[in-house]
Amino acid sequence: MPWADLRPSAFRSQVVSGAAPAGAGAAARSRVQVANEPHHRHDPRPAVNPLIRFIPPFLVRFFAKPYVAGDSLAAAIEVVQKLRRERGLLSTLDLLAEDIHEQEQADRNLATYLEMVEAAAAIDPADRPTLSLKPSSYTTAPLQDGGDAAGSLEALRKIAEKASACGVALTIDMESRHWTDFTLDALRQLHAAGHRDVGCVLQTRLFRTEKDLDGLPAGCRVRLVIGIYREPADVALTEKPAMKERMLEFAETLLRRGHYVEFASHDDVYVRRFVEQVVPRAGVGPDRFEVQMLYGVPRDRFLGDLQRCGIVARLYVPFALGWDMAIQYLRRRLDEYPAMVWLVTKNLLSRR
Ligand SMILES: Cc1cc2nc3c(=O)[nH]c(=O)nc-3n(C[C@H](O)[C@H](O)[C@H](O)COP(=O)(O)OP(=O)(O)OC[C@H]3O[C@@H](n4cnc5c(N)ncnc54)[C@H](O)[C@@H]3O)c2cc1C
């Protein structure tokens, strides 16, 4: 079914009938390889392109500003409410807090997340944002540097306890491969402790992900992404099309197993294939999935089309307590998508 035909009624009848779509190609089979690798492995490729690493912070901030919702919780909550009010979009709110060197920073991040839970809980449940969080934000001993993540699990527990009590849903972001075991273990522990509204992220670029699908808590929410961290070729795919084929393949598996799928991509072609082909094939309704994109990536019209088809759309809305905390996230975005420099310049010029 071509996207032009994806009118709300057409979508619903296809979803209800669960009919197999015409032209659905078999998803490319992925290589299976489990990578329970040591944490101190030498990475042959730099985490961020050296050219991007040496752009001065003020320039990173300039080019990437449209991707950050503000430098305070209040500013970010205002953005979340505006997105919902004016465009019907839901949000997942994220504090940019990486590269922690002092315990004081880790403590401040935890305290801010506890405040974020309260701020989210004060919003009507129909409009309420979820919260996204990174385990590395709560430790001065990050796993990618050979640390032991001391304090991360305790912080996640505290946030999950408060979030469960307040009716706020959490998603644990997935960081580099060093964090995958830790994050999935934490997820399982939180679910075992009764925190059922904690979801996770799986990166289709990692070979191990196919096996990780089997170890998820029953029915938990899963955000599927290709993964933004550069990973070496012995543990991960290196070509985006192959990663995206796996998003479709894994999305179908997860839907069939009763998971709620958050399909997070800006690639129109793959998002369309997900809603037009995978969802009907899995035979589930629009209450079992949503599409997610990043705040600031210009996809307004496409998101509107999805919403008109009755599809839930959510933006990942990052904010920072000070711009220095946002720089690392912004460098990763620039590294992945250097055309941001041109896009932002064009937007600024066209505003004049
Ligand atoms: C909601 C959400 C949450 C995420 N959480 C995680 C996570 O926890 N862990 C993780 O590793 N990764 C995460 N990611 C990042 C993800 O892994 C990808 O790196 C990212 O989404 C880009 O992949 P893509 O599927 O959009 O395809 P791409 O091929 O990278 O992008 C498709 C098209 O979108 C446009 N586009 C993409 N990025 C930009 C940009 N910055 N500015 C302007 N246009 C752009 C371009 O037109 C591009 O051609 C998340 C992404 C989203 C949307």
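All of the numbers you see were taken from the coordinates with simple rules; none came from a lab. Just so you know, these numbers come straight off a predicted model, no measurement behind them. Cβ atoms come from the backbone with ideal geometry, glycine included; neighbour counts cover every protein chain shown.
How long are the three semi-axes of the equivalent ellipsoid for segment 224-325, computed from the Cα gyration tensor as the root of 5 times each eigenvalue, in whole Å, largest first?
Semi-axes (√(5λ), whole Å): 23, 20, 13.
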**Message:** Just to verify a number: FRET efficiency for Lys211 and Lys240, C-beta to C-beta distance, R0 = 25 Å, to 0.05?
**Reply:** 0.70
**Request:** Could you name the aspartates and glutamates whose alpha carbon sits less than 12 Å from that of Lys244, not counting residues in the same chain fewer than 8 places away?
**Result:** Asp267, Asp268
**Complete:** Under 5 Å from the placed amide H of Ala149, counting only residues 5+ away or on other chains, we find Ala141, Leu143
**Message:** Straight-line reach only, C-alpha to C-alpha below 23 angstrom: list the lysines that Lys65 could link to, leaving out same-chain residues fewer than 8 apart.
**Reply:** Lys82, Lys134, Lys346
**Prompt:** Listed highest first by mean packing, meaning other Cβ atoms within 10 Å per residue, what order do 278-287, 121-130 come in?
**Reply:** 278-287, 121-130
**Message:** Taking 45 Å as R0, compute the FRET efficiency from the Cβ-Cβ separation of Gln103 and Arg308 and round it to 0.05.
**Reply:** 0.40
**Prompt:** How high is the FRET efficiency from Asp148 to Lys82, r the C-beta distance, R0 41 Å, rounded to 0.05?
**Reply:** 0.50
**Prompt:** Going by how many other Cβ atoms sit within 10 Å of their own, how do Arg188, Arg230 line up, fewest first?
**Reply:** Arg188, Arg230
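For Ala121 and Asp287 in one chain, what is 0.36 nm times their gap in residues minus the Cα-Cα distance, to one decimal in nm?
Here the answer is 57.6 nm.
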**Asked** Once both labels are modelled 7 Å past Cα along the beta-carbon direction, what's the Asp300-Arg196 spacing in nm?
**Response** 4.0 nm
**Length gained when the stretch Ser72-Val269 is fully extended (0.36 nm per residue, less Cα-Cα span)** = 67.4 nm
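Taking the Cβ of each residue in His191, His101 as the centre, tally the other Cβ atoms inside 10 Å and list the residues starting with the fewest.
Listed from fewest to most nearby Cβ atoms, that is His101, His191.
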**Request:** Tell me which residues come under 5 Å, amide H to amide H, from Leu93 once H is placed; ignore anything under 5 positions away on its chain.
**Result:** Thr130, Leu131, Ser132, Val317
**Spatial separation of Cα centroids for segment 67-95 and segment 266-294, in angstrom** = 24 Å
